[in-house]
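Peer 1: Got a structure for you, questions after.
Taken together, the values in this text are just the output of simple stated rules run on the coordinates, not laboratory data. Small disclaimer: the values here were computed from a predicted structure and weren't measured. Note that each Cβ is placed from the backbone with ideal geometry, even for glycine, and that neighbours are counted across all protein chains shown.
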């Protein structure tokens, strides 16, 4: 179990000086705690099971909502109060490792900050102590000497959480930025409305004095995008579930 506290010596206000209608939690401080249950067990000599779950609590009323994030989770602006971080099974062979379940998908070699590490679910609603969750996937890692070639399938696209609008950590942007006229023949595809299967091929290698990696990825767009609607009205796949 871990806990943190933050003291705010100054009152909260909007970036525009308070003319915004957004209500902000103007408490003098915030307490935050998380109870974590983790376990790893081995089944035989080549199979392992990993599990990690949490239960969170905070004095900020809008920090958490609901339990267990899933494709139909309807509280996208707040992370679950309780959820599974990791839950996977691994089968290890002589030249391969097969992983199925919720696990960390780390892409990149930098230990402090990696600009390509964008595939794990991140909870930054309390940005002073962000939490990393695993991603649901199936992964086959094939070992080629000192190199590794992995094939990864993610069943649906997940997006993490930023501070809630009532949090003093929530940033306000320019409202005119979102008032963009849509040209004729174009349409807007919102990131939260698309949950398609993703496919990745990842190659990681090691040479004397050099660590290398590269990957190919196809998945749902991570942000709202503007695209040319050449096909006209049509039915789009929004979710892999029935």
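Peer 1: Give me the number: length gained by fully extending residue 4 to residue 217, i.e. 0.36 nm times residue separation minus the C-alpha to C-alpha distance, one decimal in nm. Please list the in-between numbers first.
Peer 2: Working: separation 213, 0.36 × 213 = 76.68 nm, distance 3.72 nm.
Stretched fully, the residue 4-residue 217 segment lengthens by 73.0 nm.
Peer 1: Can you give the FRET efficiency to the nearest 0.05 for residue 129 and residue 94, using r as the Cβ-Cβ distance and R₀ = 35 Å? If you can, show how the numbers build up before the last one.
Peer 2: On the way: r = 41 Å, r/R0 = 1.16.
My answer for the efficiency is 0.30.
Peer 1: Quick one: length gained pulling residue 197 to residue 43 fully straight, 0.36 nm per residue minus the C-alpha distance? Don't skip to the end; give the middle numbers.
Peer 2: Details: separation 154, 0.36 × 154 = 55.44 nm, distance 2.98 nm.
Between residue 197 and residue 43, full extension yields 52.5 nm more.
Peer 1: Relative to the compact globular guide of 2.2 N^0.38 Å, what is the alpha carbon radius of gyration of segment 26-152, as a ratio? Provide the component values of the computation, followed by the final result.
Peer 2: Numbers: Rg = 17.2 Å, N = 127, 2.2 N^0.38 = 13.9 Å.
Normalised Rg, Cα atoms only: 1.24.
Peer 1: Label residue 109 and residue 210 with points 7 Å out from Cα along Cα→Cβ: what is the distance between them in nm?
Peer 2: Going by the 7 Å Cα→Cβ label model, 0.9 nm.
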